Amino acid sequence: MANPRIAAARARARLQAALRSHLAERGWDEVETPCLVAAPGMEPHLRAFETELVPEAGGASRPLYLHTSPEYAMKRLLAEGFGRIFQLARVFRNGEISATHNPEFTMLEMYRTGTDHRGIMEDLEQTVAAGARALHPAGEARARWRGRELDLAPPFERLGVAVAFSSIGIDLAACAGDAGRLRAAARARGLDAGPEGERFEDAFFRVFLQAIEPGLGRARPVYLVDWPAPMAALARLDPADPRWAQRFELYAAGIELANGFAELNDGAEQRRRLVEERELRRRLGRPAYPIDERFLEAVGRMPEAGGVALGLDRLLMILTGAGSIGEVLLFPASEA
C-alpha cells in the first residue's frame, strides 16, 4: 500500500508546479517577500507569532512577527512598478488548528495591476482549473470530495452576499451595517446571532457559518461577491453604491478557499481603517500591532489592481479527497 504521506507530498509538488507553470506562461512574476516583518496584518481576528531580533553586534533588540500574509509587502512591489506578481508563501497564524486550519500553511497570493476584483477572479478561476487538471487522472478540471463530484471548470458561479442572505430570509441591506438589526433579523428566523454588544462582522459570520457557508459551491465553486461596507477590509467600496465593498470570497464544497479585492489605493482611507482595527484589537484585549508606514506610503502610489489570497492546502484537500488539512501536510501542528 502506498505511503499516504508520500502521496500527499507528490500531489503538492504537482499542484505547485502546475500553478507556477500556468502563471509563468501568462507573464506573471514569482516573488519572495520576508516572513519576518515589523508589522503583521491588523485583522482583529488574527494573532501573529511574535519573536525578538537581538543584534549580535549589540544595540537595542526589537520585536518582529511571522507574517499572517505577504499582502503588505506585495503591494509595495505593485507601487514600485510590478504588474503581475504571485507568491507561494508560507504564512503563520497563531492558534488556528482544526480540520481546515493549521498555524503554518501555504498561501497562493496573486496581484495584477490594471484590473479590479472581476479581473483577478477570472485569473484565479483559470489558475484553480489548471491545478485541478494537473491532479486529475484524466486531466480534467474536476474533483471528488466527500462523495460529491465537483466541477472546477471556469467560469465559476457568482452570488451576491445580499442574495445569499435573502435566501434565508434576511434583508442585509435593511440592516445597514447595524449589528443590532442583523441580530434581530436572525433571531426572528431561529438563528443564533450572538450576544448583544458584538460588532456587525461577528454577528454576520455567526449567521453565515450556520446557514449559508455549508451549502456554497456544492457542485461547482462559487464567488460570493459584494460584501457589506463595514467588512471591506483592504478592498475599495463600490463607487456606484458605497454600501457594498468590491470584495469576494471563493467557496467550493462548503469550504472557503480564497479572499480577494479590488485593492484600496487611497492611503488616507487605508490609514483610517488600520487605526480603527488597531483600536478594536485593544478593546478586545488582543495585541495592537504597529502600523506599517512603508505599506501606507505605497498604497497611495499603487495603481488600480486586483488581488487574491488562496489557501493552497485547502485546495489540495479537495483535489486529493483528503478529509482534513492534516492529511496534506507532512508535519501538521496537531501531531506536534
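The values are calculated or read from the model by the stated rules, or taken from the named source; none is laboratory data. Keep in mind that this is a model prediction, so the values were computed, not measured. When we count neighbours, we look across all protein chains shown, and the Cβ atoms used for this are built from the backbone with ideal geometry, even at glycine.
Structure notes:
- If you go through segment 81-95 and keep only what is in a loop (DSSP other than H, G, I, E, B) and under 14 Å from the mean Cα position of the chain (by Cα), you end up with just 93.
- Within the set 241, 226, the sole residue that is acidic (Asp, Glu), at pLDDT 95 or above and exposed (fewer than 15 other Cβ atoms within 10 Å of the Cβ) turns out to be 241.
- Looking only at residues in segment 96-109 that are in a loop (DSSP other than H, G, I, E, B) and under 16 Å from the mean Cα position of the chain (by Cα), the one that is farthest from residue 313 (Cα to Cα) is 96.
- Subset of segment 52-80 (residues that are in a loop (DSSP other than H, G, I, E, B) and either polar (S, T, N, Q) or farther than 23 Å from residue 116 by Cα (or both)): 54, 55, 56, 57, 58, 59, 60, 61, 67, 68, 69
- Flag if residue 197 is more than 22 Å from the chain's Cα centre (by Cα) and not aliphatic (A, V, I, L, M): yes
- Residue satisfying all of: in segment 17-40; farther than 26 Å from residue 277 by Cβ and among the small types (Gly, Ala, Ser); surrounded by the most Cβ atoms within 10 Å (Cβ to Cβ) among these: 18
- Within segment 187-202, the only residue that satisfies the criterion of being under 20 Å from residue 251 (Cβ atoms) and of a type in the set (A, V, I, L, M, F, W, C) is 191.
- Some residue of segment 41-51 being surrounded by fewer than 13 Cβ atoms within 10 Å (Cβ to Cβ), in a strand (DSSP E or B) and in contact with a strand residue (DSSP E or B) (Cβ under 6 Å, 6 or more places away or on another chain): yes
- Selection of segment 325-336 for residues being of a type outside the set (D, E, K, R) and farther than 15 Å from residue 7 by Cα yields 332, 333, 334, 336.
- Taken as a whole, the condition of being of a type outside the set (A, V, I, L, M, F, W, C) and either surrounded by fewer than 17 Cβ atoms within 10 Å (Cβ to Cβ) or in contact with a His (Cβ under 9 Å, 6 or more places away or on another chain) (or both) does not apply to residue 206.
- Test result for residue 83, out of contact with any His (no Cβ under 6 Å at 6 or more places or on another chain), surrounded by fewer than 19 Cβ atoms within 10 Å (Cβ to Cβ) and under 22 Å from residue 296 (Cα atoms): yes
- Candidates 133, 112 - the one that is basic (Lys, Arg) and assigned to a strand (DSSP E or B): 112
- Per the conditions (1) in a helix (DSSP H, G or I); (2) farther than 20 Å from residue 107 by Cβ; (3) at pLDDT below 95; (4) not aliphatic (A, V, I, L, M), the sole criterion not satisfied by residue 334 is (2).
- Among the residues of segment 8-36, those identified as aliphatic (A, V, I, L, M) and touching a residue at least 40 places away in the same chain (Cβ under 8 Å) are 8, 9, 11, 15, 17, 18, 19, 23, 31.
- Any chance residue 89 is crowded, with 18+ Cβ neighbours inside 10 Å, under 20 Å from residue 336 (Cβ atoms) and either modelled with pLDDT under 95 or aliphatic (A, V, I, L, M) (or both): no
- Scanning segment 219-248 for residues that are under 22 Å from residue 70 (Cα atoms) and among the hydrophobic types (A, V, I, L, M, F, W, C), we see that the one that is farthest from the chain's Cα centre (by Cα) is 245.
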